[in-house]
Amino acid sequence: MAKRPPPGKCVHCLADPVARNWDHIFPKSWYPDTSATNLCKWQIPSCVPCNSALGAIEEDFLRRIALCLDPFDPASRSIVQKALRSMKPTEARNERDRNVRGALRQRILGETLEGDAIPQSGTFPGMGEKWGQPRDEQVAIRIPAASFRRITEKIVRGIFHVEDRKYIEPPYKIDFFALDSSDGGPVRAIIDRFGAAYAREPGIVVRRAVAPEDGLSSVFEIEFWQQFMTYATVRQ
């Protein structure tokens, strides 16, 4: 097991100096079973409070987003299966675990929308109905927009630290975007021409283009499980 990083600056909140541990940019449980066994998983130094808070967001996000992924695609099949098991009481190790799984299941299912209750807008790009179900049989999963933002910000900060040993500090800030295929075209064109890719396929592919003038101003495209993308900019 790798030793903890020494006290220093947290990649996320920038507190310094603080006690730190290793935080996976892309959580270990998010890597599909089809990932290469020798795949190097990105890690960054994080303070304990940030690591714990982001871990809770990631666990909740995975359970929800997995219910929207293709259960047959090799890039997401095992992710869907793991999420379903985490909410299945019969998979529990003991009574307490059974109660936790049951409560998670009830909470998430209790927040779903069905049929005409599903709004015509607000669906995350790439995560709309894709199985040809009539509207009255469709089910929508509520996923906090803040979760997409926080996870995207974490990946952006992580890539800068892993690749460049840089922290994103004021006056620079990260802006998050949810873009459909047409709106994302200009961003992709910039990255296609000037950018580089950082892949941990089939789970995640990060592409970014960084302005050489300051080494921080940048645009990001992040693909998850080959099924949806988030976008971000770093700017002053």
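So which strands (runs of 3 or more DSSP E) are wholly in the stretch 134-218 and hold at least 1 residues that are without any contact (Cβ under 8 Å) to a residue 40 or more places away in the chain? Write out each step before concluding.
On the way: elements: 173-177, 196-200, 204-210.
Of the strands (runs of 3 or more DSSP E) lying wholly inside the stretch 134-218, those with at least 1 residues that are without any contact (Cβ under 8 Å) to a residue 40 or more places away in the chain span 196-200, 204-210.
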Completion exercise
Given the conditions (1) assigned to a loop (DSSP other than H, G, I, E, B); (2) more than 30 Å from L109 (Cα to Cα); (3) of a type outside the set (S, T, Y), every one holds for I44 apart from (1)
Completion exercise
Of A145, A196, the only residue that is among the hydrophobic types (A, V, I, L, M, F, W, C) and closer than 12 Å to E221 by Cα is A196
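Quickly run through the stretch 36-56 and pick out the residues that are within 15 Å of the chain's Cα centre (by Cα) and without any contact (Cβ under 8 Å) to a residue 12 or more places away in the chain.
A53, A56
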Problem - Of all residues making up the stretch 93-118, the number that are in a loop (DSSP other than H, G, I, E, B) and either in contact with a strand residue (DSSP E or B) (Cβ under 8 Å, 6 or more places away or on another chain) or small (G, A, S) (or both) - result: 2
Problem - Close pairs from the stretch 11-35: first touching a residue at least 40 places away in the same chain (Cβ under 8 Å) and part of a helix (DSSP H, G or I), partner among the aliphatic types (A, V, I, L, M) and surrounded by 15 or more Cβ atoms within 10 Å (Cβ to Cβ), Cβ under 9 Å, at least 6 apart - result: S29/L62; S29/I79; W30/L62; W30/I79; W30/I204
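Among the residues of the stretch 25-41, which ones are aliphatic (A, V, I, L, M) and surrounded by 19 or more Cβ atoms within 10 Å (Cβ to Cβ)?
I25
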Fill in the blank from the handout: Selection from the stretch 1-10 of residues basic (K, R) and in contact (Cβ under 8 Å) with a residue 12 or more places away in the chain yields R4, K9
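Condition test on S181, is it surrounded by fewer than 16 Cβ atoms within 10 Å (Cβ to Cβ), over 23 Å from S78 (Cβ atoms) and at pLDDT 95 or above?
Considered against the rule, which asks whether it is surrounded by fewer than 16 Cβ atoms within 10 Å (Cβ to Cβ), over 23 Å from S78 (Cβ atoms) and at pLDDT 95 or above, S181 comes out as no.
The values are calculated or read from the model by the stated rules, or taken from the named source; none is laboratory data. This one's a predicted model, so the numbers in the text were calculated from it and none came from an experiment. Glycine gets a Cβ as well: all are built from the backbone with ideal geometry, and neighbour counts include every protein chain shown.
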